[in-house]
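Here the structure comes first, spelled out in structure tokens, and everything after it is commentary.
Every number in this text was worked out from the coordinates using simple rules, so none of it is lab data. Note that the structure is predicted; figures quoted are calculated from it, not measured. Virtual Cβ from ideal backbone geometry, glycine too; neighbours counted across all protein chains shown.
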Amino acid sequence: MRLIQFLDPAGSRRVGLVEGDTVRELPEWSTTYALAQAALARGLSLSALIGLSGRGIPHDFDQLLAEQRVLLPFNHPDPAHCSVTGTGLTHLGSAQTRDAMHAKIAGAESTLTDSMRIFRWGVEGGKPADGSPPVQPEWFYKGDGSWLVPPGGPLVRPAFAEDGGEEAEIVGLYLIDVDGTPCRVGYALGNEFSDHVMERKNYLYLAHSKLRTSSFGPELLIGELPASITGNARLLRSGVEVWSGAFHTGEDNMSYRLAGLEHHHFKYAGFRRPGDVHCHFFGTSLLSFAAGVQAQDGDVFEIAAAPFTRPLRNPLRHDSTRTPAVRVL
């Protein structure tokens, strides 16, 4: 079951159920946030509440996308109450990449970089057999809800940035219940978008490199994520593909279980504030940057993977605005 949020011809927000090429309005709800809140209040699962909801006007999914009327599939009405975060070094990649990574971490721990050390810890302790919490993953912050852009919206490379590259990922979307319990609403395709040139200079620049806009959607997948997903990421320049690659995600392709990543995020009480929304990127196994490609202004990132039926597309836009000097009051 997949949902989207979109604008109707009058510009009003709507929630739609994806049925093949058609999006059917759920007329009782104007946002997926309100729908999720109602499910919690009634003690129902999202799928159960959707099953009880009426059906309204049909819309053509591709037309909504072409007219850029598709919004983020889940968000908070107040961006300040939405946290965008992520975890890295969580994926094993393709078999070839996996063999190369295992070769890198096979030596003595004292010979490993800090990044390779954390990756090794994840491989060895990311999926404890007894169900206990795994070793802590790498974690980073990407901003609040105002840093998110909808499908089709531009991912911005600031004037001070050294790069702006895609990261094709799955995003977990969460709503905190009134008693402080994190509730997973669903999943979406995401472009985590980072500054890889800055990050490569020194791993201590990771925090800086992640403070960028990001995007996810267009669909919100309700229910469980497939254990193995193979998707495709592309970079288009003037409509022509200049790079593409397959990415592998889902728990079968990860050194962590999703529940373990969720544990290490929501163990902090500040991330369990009732009513808040959390958008958490789970990590990637593929970068065009690693293939020597650097995106240019106007290029379009495209990320596609089943069971999502439509790709996530975002153009890259350079922003020449300079940082203002601090003014003394």
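The table that follows gives values for the structure above.
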read-out	value
Label-point separation in nm, residue 37 to residue 115, each point 7 Å along Cα→Cβ	4.1
FRET efficiency estimate (nearest 0.05) - Cβ-Cβ, residue 317 to residue 183, R0 30 angstrom	0.30
Phi-based couplings in Hz for region 211-220 (Karplus 6.51, -1.76, 1.60; Gly and Pro marked x)	7, 9, 5, 8, 8, 8, x, x, 9, 9
Region 79-318, relative contact order [Cα under 8 Å, separation at least 6], %	30
Anchor residue 201: aspartates and glutamates whose Cα lies under 14 Å away (excluding residues fewer than 8 positions away in-chain)	114, 162, 163
Residue 67 versus residue 52: modelled label distance in nm, points set 7 Å from Cα along the beta carbon direction	3.2
Projected label distance in nm at residue 228 and residue 211, using a 7 Å step from Cα toward the beta-carbon	4.1
Highest-MSF residue in the chain out of 215, 228, 83 [GNM, Cα springs under 10 Å]	228
Computed [θ] at 222 nm, helices only, for the chain once each DSSP H run of length n ≥ 4 contributes -39500 (n - 2.57)	-5500 deg cm²/dmol
Isotropically averaged projected area of region 2-66, using the convex hull of Cα atoms (one quarter of hull area), nm²	4.1
In Hz, Karplus ³J(HN,Hα) per residue of region 185-202 (6.51, -1.76, 1.60; θ = phi - 60°; x = Gly, Pro)	7, x, 10, 8, 5, x, 10, 6, 6, 9, 9, 6, 5, 4, 4, 5, 4, 6
Rounded to whole Hz, the Karplus (6.51, -1.76, 1.60) HN-Hα couplings of region 293-310, x for glycine and proline	9, 10, 5, 10, 3, x, 4, 10, 8, 10, 10, 9, 6, 6, x, 7, 8, 10
Local electrostatic count, residue 223, Cβ distance below 15 Å [Lys/Arg +1, Asp/Glu -1]	-1
Amide H contacts under 5 Å for residue 298, placed H, 5+ residues apart	316, 317, 318
Debye intensity ratio in log₁₀ form over the Cα atoms of the chain, taken at each q of 0.07 Å⁻¹	-0.28
Most fluctuating residue given options 268, 256, 174, as computed from a GNM of the chain linking Cα atoms under 10 Å	268
Trypsin sites (Lys or Arg not before Pro) restricted to DSSP loop in region 1-95 with at most 14 other C-beta within 10 Å	55
Sequence-distant residues sharing a close amide H with residue 139 (under 5 Å, placed H)	88
For region 271-326, Kirkwood radius (reciprocal of mean inverse C-alpha pair distance, Å)	15.4
Selected from 202, 232, 314 as most flexible by GNM, with the chain as the system and alpha-carbon contacts under 10 Å	202
Built amide H within the under 5 Å cut-off of residue 30, gap 5+	none
Using alpha-carbon coordinates, inclination of helix 95-104 to the longest axis of the chain, degrees	40
